[in-house]
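Since the structure comes first, as structure tokens, the remarks are kept for the end.
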Amino acid sequence: MDEKAKQYALRLLSLRSYSSHQLRAKMLKRGFSEEVVSKWIAWLCSVNLLQDDLLLTSLVEREMKRGYGPKAILWKLRNKGFSSEEIARAIPTLEAQKEAIRAWSKKRGKDMRKCASDLIRRGFDVDLVLQELRESF
């Protein structure tokens, strides 16, 4: 059973990156015991095959490039099993958020109200959006 759990975890990780929380849930759903799953997740972390910090950083960068703000990113990553504290450390700086807002307004914005509502729906802070759009328009 131990070797089957290891092979299953390695096969999953060969297909795509998983957080330790996601991998744990998949392995438990497959029927492996909590003890076996914990053992193999600890081993995967020790040999750097399972790196939550690196995965978190890449997910945050991907979502920022897609035009999502901190609130939307926080919600999406919480659903993947990351804690609020981990996500808060990975959320981009205020300057990066301002740059994303400016880029979105240049790309999409002719109407300030529509641009503002789009950005707010995408998880950016209302005050920050209005401040940056006033400067842009």
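Scan Leu54, Leu44 and give me the residue that is surrounded by 13 or more Cβ atoms within 10 Å (Cβ to Cβ), over 15 Å from Gly123 (Cα atoms) and either modelled with pLDDT of 90 or more or among the charged types (D, E, K, R) (or both).
Values: Leu54 fails: surrounded by 13 or more Cβ atoms within 10 Å (Cβ to Cβ).
Criteria check complete, one pass: Leu44.
Looking at the stretch 31-59 only, could you name the residues that are of a type in the set (D, E, K, R) and in contact with a helix residue (DSSP H, G or I) (Cβ under 6 Å, 6 or more places away or on another chain)?
From the stretch 31-59, those of a type in the set (D, E, K, R) are 34-35, 39, 52-53; that's our starting set.
Of everything in the stretch 31-59, just one residue is of a type in the set (D, E, K, R) and in contact with a helix residue (DSSP H, G or I) (Cβ under 6 Å, 6 or more places away or on another chain), namely Asp52.
Going through the stretch 62-75 one residue at a time, which ones are at pLDDT below 90 and either surrounded by 14 or more Cβ atoms within 10 Å (Cβ to Cβ) or more than 23 Å from Asp118 (Cα to Cα) (or both)? Steps first, please.
Step one: filter the stretch 62-75 for residues at pLDDT below 90, giving 64-67.
Met64, Gly67 - these are the residues of the stretch 62-75 that are at pLDDT below 90 and either surrounded by 14 or more Cβ atoms within 10 Å (Cβ to Cβ) or more than 23 Å from Asp118 (Cα to Cα) (or both).
Condition first: in contact with a Gly (Cβ under 8 Å, 6 or more places away or on another chain) and of a type in the set (S, T, N, Q). Now tell me which residues in the stretch 118-137 satisfy that.
Residue satisfying the conditions is Ser136 alone.
Any idea how many residues of the stretch 1-33 are touching a Leu at 6+ places or on another chain (Cβ under 7 Å) and farther than 20 Å from Arg78 by Cα? Quick ask: steps written out before the conclusion?
Going through the stretch 1-33, the residues touching a Leu at 6+ places or on another chain (Cβ under 7 Å) turn out to be 9, 12-13, 17-20, 23, 26.
Then drop every residue that is not farther than 20 Å from Arg78 by Cα, which leaves 9, 12-13.
Summing the residues that are touching a Leu at 6+ places or on another chain (Cβ under 7 Å) and farther than 20 Å from Arg78 by Cα in the stretch 1-33 gives 3.
From the list Leu94, Leu49, Leu130, which residue is within 30 Å of Tyr18 (Cβ to Cβ) and aliphatic (A, V, I, L, M)?
Step by step, each of Leu94, Leu49, Leu130 is checked, and only Leu49 is within 30 Å of Tyr18 (Cβ to Cβ) and aliphatic (A, V, I, L, M).
I'd like the residue in the stretch 101-135 that is among the small types (Gly, Ala, Ser) and surrounded by 14 or more Cβ atoms within 10 Å (Cβ to Cβ) and, out of all such residues, is nearest to Gly69 (Cα to Cα).
Kept after step one, since they are among the small types (Gly, Ala, Ser), are these residues of the stretch 101-135: 103, 105, 109, 116-117, 123.
Checking which are surrounded by 14 or more Cβ atoms within 10 Å (Cβ to Cβ) leaves us with 105, 109, 116, 123.
Numbers: Ser105: 14, Gly109: 17, Ala116: 12, Gly123: 4 Å.
Out of the qualifying residues, it is Gly123.
The values are calculated or read from the model by the stated rules, or taken from the named source; none is laboratory data. Note that the structure is a prediction, hence the values are computed from the model and not measured. Note: ideal-geometry Cβ built from the backbone for every residue, glycine included; neighbour counts use all protein chains shown.
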